[in-house]
1. Looking only at the range 319-370, how many residues end up being within 16 Å of the ligand (Cβ to nearest atom) and on the phi > 0 side of the Ramachandran plot?
2. Testing T343 on (1) surrounded by 19 or more Cβ atoms within 10 Å (Cβ to Cβ); (2) in contact with a strand residue (DSSP E or B) (Cβ under 6 Å, 6 or more places away or on another chain), one condition comes back false. Which one is that?
3. Can you tell me which condition A142 does not meet? The list is (1) surrounded by fewer than 24 Cβ atoms within 10 Å (Cβ to Cβ); (2) more than 16 Å from the ligand (Cβ to nearest atom); (3) free of Cβ contacts under 8 Å to residues at least 40 places away in the same chain, and all the others hold.
4. Can you find, within the range 92-125, the residue that is surrounded by the fewest Cβ atoms within 10 Å (Cβ to Cβ) among those that are closer than 30 Å to S60 by Cα and within 16 Å of the ligand (Cβ to nearest atom)?
5. Hey, any hits in the range 98-107 for a residue that's assigned to a strand (DSSP E or B), under 19 Å from G375 (Cα atoms), in contact with a helix residue (DSSP H, G or I) (Cβ under 7 Å, 6 or more places away or on another chain) and free of Cβ contacts under 8 Å to residues at least 40 places away in the same chain?
6. What are the pairs with Cβ atoms under 7 angstrom where one residue, in the range 293-313, is within 12 Å of S240 (Cβ to Cβ) and touching a residue at least 60 places away in the same chain (Cβ under 8 Å) and the other, located anywhere, is part of a loop (DSSP other than H, G, I, E, B) and more than 16 Å from the ligand (Cβ to nearest atom)? Sequence gap at least six, or different chains.
7. Which helices (runs of 4 or more DSSP H) sit wholly inside the range 150-247 and have at least 3 residues that are more than 16 Å from the ligand (Cβ to nearest atom) and out of contact with any Pro (no Cβ under 8 Å at 6 or more places or on another chain)?
8. Scan the range 37-54 and tell me whether some residue there is within 26 Å of the chain's Cα centre (by Cα) and over 17 Å from G427 (Cα atoms).
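Each reported figure results from applying straightforward, stated rules to the coordinates on display, with no laboratory input. These numbers were taken from a predicted model, which means no experiment stands behind them. Here Cβ is always computed from backbone atoms with ideal geometry, including for glycine, and neighbour counts include all displayed protein chains.
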Amino acid sequence: MSEPNRSEPTLVIRGGIVIDATGERRADVVVANGRIQEVGEGLVVPTGATVLDAGGCVVSPGLVDLHTHLREPGHEEAETIETGTRAASLGGYTAVVAMPNTNPPLDSADAVRNVVELARTATAQVAVAGAITVGRAGQRLAPMAELAALGVRLFTDDGAGVQSAGLMRRALEYARDLGATLAQHCEDGSLACDGAMHEGAWSSRLGIPGMPALAEEVMVARDIALARVTGSRIHFLHLSTAPSIELVRQAKAAGLPVTAEVAPHHFSLTDACAAGYDPVFKVNPPLRPQCDVDAVKAGLADGTVDAIATDHAPHAPEFKDLPFDLAPPGVLGLQTALSLAITELDLPLTRILALLSWQPAAIAGLDPSNGGGQGGVITPGAESNLCVIDPTATWTVDPMTLASRSRNTPYAGRTLTGRVRHTVFKGEPVVIDGEAQR
Ligand code: DOR
């Protein structure tokens, strides 16, 4: 018998190990009205409720991606909000931060409202990142206050770094007063020039123009100095070199409000992958030598790096399949990130989930302490954004079966460990047994 005034449960996740920021325990999770109603062992399954088996699996807060290129509007041949969020759901994500390098870019209230409207029926929350500068051109600040009033909490010109230190300083001051965070794509254009891969032994051997690691590092150093002066939060996107990680380590030790993410390709691939000139291995920042991969992993292990973010960057074959130096940079990431973390990192699953769920949720301002429903503790009353992971299942990446509209994964044929079994968004099972439900 249900108690009076209690909604009938619609969903029960049964027999799993619940892991969240408070630790782990064996428990069933009962969902009603999009919220968690009960968490406990051996709960009675109400008739009529959908039962998701979680035997041998982990039940986690849904994953949160700080760095997704959904391509809509403007490049729907590569991805749409619908296909991108379906890929997100299949990858265990219940929220993604949509990057503003669309066409038109997300630098105005109208552009942001349009994406919010298009995402209304998506299978994951789409949090819009606004551009820092008009047209992402690095000349004039975008109307940040107007965008913040629409709920934008992260600003970035991703795809390009803000080259002017003076403009970046002003942007940091505005962001601080708006309670927002600036996210920097660290790339000094005067050093990066037309580099198409990491500048080093492999670029020399292959005759591909190189981009020095320094192009990233000088901007990390500059922006740490700006964060010190302004007291503003800054988040470093897709860091990829050992000195960048070390700079963040020192900034954190000095108590500065900096956070950092790394992408799975920067802990699982090296610049040697470019040896066959296959543009699927072209990404920005570029793949780096093993010493940088090791530093990225060390940063993840010691807490210097706060989040694993996909930099999911779909490109249609007619644009991506060009000679290496002409191809656009970017790889798919949403459906492989969790498995790559489990496969490649020597970290307990709880730490991996912190890096993929509750820590990025807090950086994006989507967690319960910011009034959001992502990455929170799995407890009665919380919003039901969850994923169920089989940590020991193995699978082989087949580009043709990915949900993205594009096929540019560098992991084709790779067998990975760890698989998303179910994803629940606002109480609705959007993935059941690895199958998208819509
Ligand atoms: O590889 C990348 N692709 N890096 C970026 O910064 C931009 C992204 C894209 O939009 O394709």
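1. Residues in the range 319-370 being within 16 Å of the ligand (Cβ to nearest atom) and on the phi > 0 side of the Ramachandran plot: 1 in total.
2. (1)
3. (1)
4. It comes out as V115.
5. So in the range 98-107, the residues assigned to a strand (DSSP E or B) come out as 98.
Checking which are under 19 Å from G375 (Cα atoms) leaves us with 98.
Retained after the next criterion (residues that are in contact with a helix residue (DSSP H, G or I) (Cβ under 7 Å, 6 or more places away or on another chain)): 98.
Now drop any that are not free of Cβ contacts under 8 Å to residues at least 40 places away in the same chain, which leaves 98.
The answer is yes, given that some residue of the range 98-107 is assigned to a strand (DSSP E or B), under 19 Å from G375 (Cα atoms), in contact with a helix residue (DSSP H, G or I) (Cβ under 7 Å, 6 or more places away or on another chain) and free of Cβ contacts under 8 Å to residues at least 40 places away in the same chain.
6. So the pair list comes out as G299/V305.
7. Values: elements: 165-178, 189-192, 201-206, 214-230.
Helices (runs of 4 or more DSSP H) meeting the threshold: 165-178, 201-206, 214-230.
8. no
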